[in-house]
Amino acid sequence: MVNKTRLYWSLQFSGWAAYAGFQTLVAILATDDGHIAGGRVVFFVAEAALCLLITHLFRSASNRFHWLDVGLRKLIPVVLATVVAMGAVMYVARIPVSWVTGLYNAEVIFNTANFFQGVFTYGIFFFIWAALYFIYNYFERYNKSLKLEASFKEIELNNLKSQINPHFIFNALNSIRGLVDENPVKAKLAINQMSNILRNSLVAEKRGLSKFSDELRIVTDYLGLESIRFEERLRTEFDIDPASHDFYVPTLMVQTLVENGIKHGISQLRDGGLIQIRTRVEGDRLRMIIRNSGSFKPGSPNTPGTGLGLDNTRQRLKLIYHDEASFRIITEKDNFVVTEVTVPHLYNV
């Protein structure tokens, strides 16, 4: 990380040194023989040092009075008035320097036109300095706010993920527990399926995203676990667009929606029901449709619309895709609940 104080002083010294060098070069080019008096060089160096001091005092005043927190409407008049005052101070401050270096000329120095011209010239330099200073600080603050916002979003995403995993593990272990004695072979297969799901969750991308192909494997393993519990009461169908596999979706999101459909739909039906998972790629957007037997009644505490799973999904979609993703849940006439999620293609994952 760049040390801000060190950067400030480096730019101050190098900038005003360049100013003194430029002034000296112009003076040399204006002579016939390419030589100038040593007093003029000293004057330019002292002038640059005074400019450095005055701009540093400007920075101190800016920090003390919190000018960076003031809106542009208030800041611009303050800066304009200050740089004019700085120009006047600079014009007066260089008088003793000109005396010491042998360049003092009262008629020139105290000429009204020269005074205003000098104040204007120095004011231009100071205004450029102030503009660069405020632009740098505004951009730095903006970048800090972006990083802070990103940190908060990452923390929130991690919190949301931490809500999902224990809930899933609990259900999966309950399914496996009943198999350990009656069917050890199936229990071993179920443990492998659970292991696959947890491994995919642990190695998920930092932003909480996984490829859809990985999510589909998780869902397949999850439905394998649930089929142990529901046996013939759970039927599944897949209709997957091959182009879906290159899209990124929130980790465990599809599994959560499928779990939601089983918990609030199929498990409530005596004869069980059907889970259908379909995807379609439309341009640069992926549409995922999960249909499950059952019905959806908005506002009921026993429906998925008020459960942790869907609230969690809505929050994660908002955090990751902002307003680019869409989510809806409806009941079809043939007693199917349809959950539909559409997400854009993320090219910079």
Could you count how many residues in region 104-139 are farther than 15 Å from Ala93 by Cα and of a type in the set (Gly, Ala, Ser)? 3
Is there a residue being modelled with pLDDT of 80 or more and under 18 Å from Thr342 (Cα atoms) anywhere in region 222-238? yes
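This table checks each residue for (1) of a type in the set (A, V, I, L, M); (2) surrounded by 17 or more Cβ atoms within 10 Å (Cβ to Cβ).
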site	(1), (2)
Lys74	no, no
Val78	yes, no
Val84	yes, no
Thr101	no, yes
Glu107	no, no
Phe116	no, no
Phe126	no, yes
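Could you please let me know if Gly305 is under 21 Å from Val219 (Cα atoms), modelled with pLDDT under 85 and assigned by TED's automatic domain parsing to the domain that holds Ser227?
The answer is yes for Gly305.
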Going by what's in this entry, would Val42 be described as over 44 Å from the mean Cα position of the chain (by Cα), in a helix (DSSP H, G or I), surrounded by 15 or more Cβ atoms within 10 Å (Cβ to Cβ) and in the same structural domain as Glu140 (by TED's automatic domain parsing)? yes
Strands (runs of 3 or more DSSP E) contained in region 238-301 and holding at least 1 residues acidic (Asp, Glu): 273-282
Consider Ala27 carefully, then state whether it is buried (at least 17 other Cβ atoms within 10 Å of the Cβ), assigned to a helix (DSSP H, G or I) and of a type in the set (A, V, I, L, M). no
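The values are calculated or read from the model by the stated rules, or taken from the named source; none is laboratory data. These figures come from a predicted structure and were not determined experimentally. All Cβ positions, glycine included, derive from the backbone under ideal geometry; neighbour counts span all protein chains shown.
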